[in-house]
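The values are calculated or read from the model by the stated rules, or taken from the named source; none is laboratory data. Predicted, not measured: the structure shown is a model, and the values here were computed from it. Every residue, glycine as well, gets a Cβ built from its backbone with ideal geometry; the counts of neighbours run over all protein chains shown.
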């Protein structure tokens, strides 16, 4: 009886999620389809980096190849202890459009990345500001297409979903499941509905007008948020600014993490923040994921006809929803659904791990700095 209720409830939820996704993705444009411009408002690209010596040069040099012309770069070295600062200085010598800022100390009440982006924004002279990460690879017309789309639609904020790349099978499978979960939980397409207060921001590409950014209160409004990119978009939408999210899978590429282990470590910083620093939300996420995304695969083995049919229906609807999300949000094959229950269990493990470590440490460790949980909760 309990299994029948759980599976029936799960099926209803997935049918509703499938309908919502089909409608939502119809309102989600592909940035690749936009005509690029070469001239327009001056753009300041702000990159904050800490110990990114392996990726930053490749990323910045891909940006230097942009066909869009009025660009300056503000490169902020956030207390790096590797060669990141030296690489930035060399980049500045090679191209006068780049300006480098070295941060030696982190003031109290700030997360490092948020402070670095804030400092960079104060040095920017462009009408538009692009906050991007130090490992994003840009195609040469990415900026031109984005600025054209931004100005054509009279936007205050534009965020673009990149292609998240992974070199190993289990990492790609985990990325696929992460994007699946992110899509049905956060419903990013709602950012494109004026009637919705749901906003969206992605660290690889957050483009804002300087005027709107200042009216928002700059990064000072999110200075203790480890999910700063998402919160920037959320606040922009909640404050009534004109926002859009698009996909840019063929224009922007990020190697999300080098391995599954690195992904688990990387998710330590914002998993608990995404669950509002509440154990009740952690338990809900764990149990909800298990009962709706793992259990139906086990109950397929049931000899009870009703249980079997409900399980089969759940798996079929999950497969369709997964395929739709994967095709729109990645370049991966939907065939990764074959290991869906395993990646669901890996995701549950990542939630448990991140939450446990946050409590044991009394906070999070991000970019080499520890931030106390009490301080994070206070400033959320």
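Listed here are the residues, each with its yes/no results for (1) in the same structural domain as residue 120 (by TED's automatic domain parsing); (2) closer than 30 Å to residue 322 by Cβ; (3) in contact with a helix residue (DSSP H, G or I) (Cβ under 6 Å, 6 or more places away or on another chain).
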site	(1), (2), (3)
32	yes, yes, no
46	yes, no, yes
49	yes, no, yes
57	yes, no, yes
64	yes, no, no
68	yes, no, yes
71	yes, no, no
76	yes, no, yes
81	yes, no, no
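Quick one: count up the residues across region 350-377 that are assigned to a helix (DSSP H, G or I) and without any contact (Cβ under 8 Å) to a residue 24 or more places away in the chain. Please lay out each step first, then the result.
From region 350-377, those assigned to a helix (DSSP H, G or I) are 350-361, 373-377; that's our starting set.
Narrowing the set further to residues that are without any contact (Cβ under 8 Å) to a residue 24 or more places away in the chain leaves 356, 359-361, 374.
Matching residues across region 350-377 total 5.
Among the residues that make up region 297-312, is at least one of them assigned to a helix (DSSP H, G or I), in contact (Cβ under 8 Å) with a residue 12 or more places away in the chain, in the same structural domain as residue 329 (by TED's automatic domain parsing) and closer than 25 Å to residue 166 by Cα?
Looking through region 297-312, none of the residues is assigned to a helix (DSSP H, G or I), in contact (Cβ under 8 Å) with a residue 12 or more places away in the chain, in the same structural domain as residue 329 (by TED's automatic domain parsing) and closer than 25 Å to residue 166 by Cα.
Answer yes or no: is there a residue in region 31-48 that is assigned to a helix (DSSP H, G or I), within 27 Å of residue 243 (Cβ to Cβ) and free of Cβ contacts under 8 Å to residues at least 40 places away in the same chain. Please lay out each step first, then the result.
Step one: list which residues in region 31-48 are assigned to a helix (DSSP H, G or I), which gives 31-33.
Next cut, within 27 Å of residue 243 (Cβ to Cβ) only: 31-33.
Remaining after also requiring free of Cβ contacts under 8 Å to residues at least 40 places away in the same chain: 33.
Yes, some residue in region 31-48 is assigned to a helix (DSSP H, G or I), within 27 Å of residue 243 (Cβ to Cβ) and free of Cβ contacts under 8 Å to residues at least 40 places away in the same chain.
Looking only at region 213-267, how many residues end up being in contact (Cβ under 8 Å) with a residue 24 or more places away in the chain and either in contact with a strand residue (DSSP E or B) (Cβ under 7 Å, 6 or more places away or on another chain) or not in a helix (DSSP H, G or I) (or both)?
32
Scanning for something surrounded by fewer than 20 Cβ atoms within 10 Å (Cβ to Cβ) and under 26 Å from residue 186 (Cα atoms), does region 33-56 turn up at least one residue?
Checked against the condition, which is being surrounded by fewer than 20 Cβ atoms within 10 Å (Cβ to Cβ) and under 26 Å from residue 186 (Cα atoms), region 33-56 yields at least one hit.
In this structure, is residue 362 within 22 Å of the chain's Cα centre (by Cα) and either over 23 Å from residue 25 (Cα atoms) or assigned by TED's automatic domain parsing to the domain that holds residue 80 (or both)?
No.
Just a yes or no: is a residue in region 67-79 over 26 Å from residue 127 (Cα atoms) and either in contact with a strand residue (DSSP E or B) (Cβ under 8 Å, 6 or more places away or on another chain) or without any contact (Cβ under 8 Å) to a residue 60 or more places away in the chain (or both)? Steps first, answer last, please.
Step one: of region 67-79, the residues over 26 Å from residue 127 (Cα atoms) are 79.
Now drop any that are not either in contact with a strand residue (DSSP E or B) (Cβ under 8 Å, 6 or more places away or on another chain) or without any contact (Cβ under 8 Å) to a residue 60 or more places away in the chain (or both), which leaves 79.
Yes, region 67-79 contains at least one residue that is over 26 Å from residue 127 (Cα atoms) and either in contact with a strand residue (DSSP E or B) (Cβ under 8 Å, 6 or more places away or on another chain) or without any contact (Cβ under 8 Å) to a residue 60 or more places away in the chain (or both).
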